Amino acid sequence: MSLINQMLRDLENRNTINNTPPTLQHNIQVTHAPSSKRPFLIWTLLAIIATGGTYWAYLHSNTLTKTPPVIIAENNQKDPTPIAPYEQVLATPNAVSDTVPKIEPKLPENNAATQPVPTIQPTPALQPPPPAQPTPAAPSQAAPETIAAQPIKNTPIPPKPALIKQITDKQQADLLYRQAENSFDDYSTINKLEEILKLDPRHLKARLLLAKKLHNQGQINKTADFLDQSLILFPDNLQFINTRAQLFLQQKNPGSALKTLQRIDLTSDSNDETYLSLLAASYQQLQSFNNAAKTYQRLITINPEKAENWLGLALSQEKLGNSRIAREAYQQALSKNTLKESIANYIKQRLIELR
């Protein structure tokens with residue numbers, strides 16, 4: 001610095017001497033002395049020195065106030081909460097978590113006393129909110145203690161039967177059948193019987209009752225389809241065979257009736273009057289009068305008090321040309337007094353013609 005001051009004094013003295021107007025002689029021409037480059041170099045040197053000093057002071061001040069980046073990076077990784085200034089941490093220890101390490105800025109060792117350092121006021125950190133006071137938890141009801149059930153000894157659990165579902169369906173079907181059997185409403189009875197067959201398709205009593213209800217309501221086509229399905233499940237069931245043959249006779253189809261009846265051969269040893277009556281009627285409609293007469297003769301042997309059996313025999317013998325046997329059969333039918341008046345009148349007329 002002394003060198004710079006001396007140079008400044010020399011420049012001031014030189015300017016003072018140059019500013020004093022000398023006594024010029026007349027007829028003396030002023031000649032311009034060549035300009036010197038020394039002042040320009042001096043000013044350039046001064047500018048460089050000033051710039052360097054300012055830059056050094058700036059670096060020195062940043063060194064004092066700047067926290068080492070390594071420490072800041074470590075603090076950011078440990079706790080994202082902003083750290084309050086060091087003085088504030090000392091004043092209020094609870095302002096920052098105890099887990100954050102206290103960082104003291106390191107002062108430079110050299111020229112700490114001689115060189116003045118411009119203090120840069122740090123930006124005040126946001127004051128963290130005071131720690132929330134723990135709210136007292138509501139008294140929770142104690143969970144009921146689960147008491148383990150004591151194992152029951154000597155009571156082994158029986159294994160479930162393999163057909164438990166079928167047994168349950170069958171029991172439910174039997175219960176519905178008892179309700180349908182005692183019901184007087186045909187519509188409700190039919191619905192219950194159909195539900196029974198969904199639970200147990202082989203419930204024979206429900207099938208027989210449903211066929212009877214459908215036939216009584218005059219639903220011939222529906223009854224016929226239902227009987228065909230039943231005969232697939234029960235091909236030798238006599239009741240299904242008789243009912244289906246009766247429907248064929250009502251529909252003027254004696255051939256199908258006879259074919260249905262011949263599923264089983266009961267002509268020689270059967271005593272079922274319904275089966276033999278349908279068989280005889282099928283023969284008679286097919287004009288097989290000899291087979292019809294034989295069948296009616298068997299019916300008379302089984303039940304001689306039924307007028308319809310005598311009437312059938314009389315008609316068959318008359319067609320065969322046996323007038324005497326036919327007349328005797330007509331008289332037996334008329335003597336039972338169970339026929340309708342119109343049929344009785346027809347028998348009387350035939351007796352007159354056969355004399």
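The values are calculated or read from the model by the stated rules, or taken from the named source; none is laboratory data. Quick caveat, the model's predicted, so the values are computed rather than measured. We place every Cβ from the backbone using ideal geometry, glycine too, and count neighbours over all the protein chains shown. Areas reflect the complete protein model, heavy atoms only, side chains present, ligands, DNA and RNA absent. Shrake-Rupley method; radii C 1.70, N 1.55, O 1.52, S 1.80 Å.
Brief remarks follow.
- Of the trypsin sites (Lys or Arg not before Pro) found in the stretch 172-215, the ones in coil according to DSSP and having at most 13 other Cβ atoms within 10 Å of their Cβ are 202.
- Radius, Kirkwood style, for the stretch 212-355 when every pair of distinct Cα atoms is counted (Å): 16.1
- The gain in end-to-end length when the residue 57 to residue 272 segment is fully stretched comes to 63.9 nm, 0.36 nm per residue minus the alpha carbon separation.
- In the context of the full set of protein chains, residues of the stretch 212-332 present 52 Å² of accessible surface per residue (probe radius 1.4 Å, heavy atoms only).
- Applying both filters, DSSP loop and at most 14 other Cβ atoms within 10 Å, to the chymotrypsin sites (Phe, Trp or Tyr not before Pro) of the stretch 176-281 gives 184.
- Take every pair of alpha-carbon atoms less than 8 Å apart whose residues are at least six positions apart; their mean separation over the length of the stretch 235-339 yields a relative contact order of 18 percent.
- Here the stretch 230-355 is treated with +1 on each Lys and Arg Cβ and -1 on each Asp and Glu Cβ, and its dipole about the Cα centre works out to around 400 debye.
- Note on the stretch 290-318 and the stretch 216-288: Cα centroid distance 19 Å, given to the nearest whole angstrom.
- Length gained when the stretch residue 221-residue 300 is fully extended (0.36 nm per residue, less Cα-Cα span): 25.1 nm
- The accessible surface of the stretch 198-278, taken with every protein chain in place and a 1.4 Å probe, is 48 percent carbon and sulfur.
- Entries in 170/212; 259/348; 222/259 that, when Cα-Cα distance is taken, lie over 26 Å: 259/348
- Distance between the modelled labels on residue 323 and residue 290, one decimal in nanometres: 2.3 nm (7 Å Cα→Cβ projection).
- The stretch 211-289 shape via C-alpha gyration tensor axes, a/c threshold 1.5: oblate
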